[in-house]
Amino acid sequence: ATMASVYRQVVFNEKNCWYYYAFGNTPPVDYFESISPTSPASLVVSLGCGDIRSTLYSLFVAQRGEKTHHSILLNDYNACVLARNVLFLYIISRLPPIVPSKEEDEKDDDIRVFRRCVSDIWSLWYSLDITLDQATRMHSALDDLISLSETKEKWDKEIGFIDFYDDASLRVVRKAWLAWRSRDISHPSLLRARASRDQYLRQRLPKDKMDAQASF
């Protein structure tokens, strides 16, 4: 299985039949459920981590308890999955803070930027199609990651909350970022995926519902 792009899909080839599987279709789990909330630190190993939903859900649940240090080791045989997860973590880390003490006009601007960023993350996570503006902002994030991952020393210095086990792990993830950055939303593989999706929907949905899906 390979990931042709950052979008929520994996390409499988079985008996020369290519199809797209939208991964991340099961509920998230709390990695820290069995760990005492008062524990000073915890390390969880997520083997075959896949989509990052369980990691984010676990951190969301954990932050409601006592302040502790949590580490999650993400492992997956598909380097593209790890590349996608790091991309999401990086984009999330750059969400602008909403500062209550700011003037109302400035606060409104921050909220608009915050909502746009969240919308970008949502579209990248769940959709096969993204807008040109969203693609531009995604490419900007990829440019940052590609620059930061030139060497592991540079990565360790600039990115404090995501660590790679070794140089080889960083190189294979960077290779995926470079591939995604070189493509745009009109890439043939994505056009074929959209055509396959539309054909599937036409065969299974009434016309009125199909029309409603046109803008999805």
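At-a-glance table
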{"item": "Residue among SER169, SER189, SER119 that alone is part of a helix (DSSP H, G or I), of a type outside the set (Lys, Arg), at pLDDT 90 or above and open to solvent by less than 60 Å² (accessible area, probe 1.4 Å)", "result": "SER169"}
{"item": "Hey, SER39 more than 27 Å from ALA168 (Cα to Cα), at pLDDT below 65 and in a loop (DSSP other than H, G, I, E, B) or not", "result": "no"}
{"item": "Unmet requirement for ILE130, which otherwise passes all of (1) part of a loop (DSSP other than H, G, I, E, B); (2) closer than 25 Å to LEU170 by Cα", "result": "(2)"}
{"item": "CYS49 being assigned to a loop (DSSP other than H, G, I, E, B), at pLDDT 80 or above and within 27 Å of LEU145 (Cα to Cα)", "result": "yes"}
{"item": "Residue among ALA141, ALA214 that is modelled with pLDDT under 90 and of a type in the set (A, V, I, L, M)", "result": "ALA214"}
{"item": "Tally, over segment 172-186, of residues that are open to solvent by 70 Å² or more (accessible area, probe 1.4 Å) and in contact with a helix residue (DSSP H, G or I) (Cβ under 7 Å, 6 or more places away or on another chain)", "result": "4"}
{"item": "Matching residues in segment 122-166 - criterion: being aliphatic (A, V, I, L, M) and open to solvent by less than 70 Å² (accessible area, probe 1.4 Å)", "result": "LEU124, LEU128, ILE130, ALA135, MET138, ALA141, LEU142, LEU145, ILE146, LEU148, ILE159, ILE162"}
{"item": "Number of the condition not met by LEU201 [criteria: (1) open to solvent by less than 60 Å² (accessible area, probe 1.4 Å); (2) part of a helix (DSSP H, G or I); (3) modelled with pLDDT of 85 or more]", "result": "(3)"}
{"item": "So VAL44, is it assigned to a loop (DSSP other than H, G, I, E, B), aliphatic (A, V, I, L, M) and modelled with pLDDT of 80 or more", "result": "no"}
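The values are calculated or read from the model by the stated rules, or taken from the named source; none is laboratory data. As the structure is a computational prediction, the values presented were derived from the model and not from experiment. With ideal geometry, Cβ positions are generated from the backbone for all residues, glycine too; neighbour counts draw on all protein chains shown. Note: accessible area is taken over every heavy atom of the protein model, side chains too, but ligands, DNA and RNA are not part of it. Shrake-Rupley method; radii C 1.70, N 1.55, O 1.52, S 1.80 Å.
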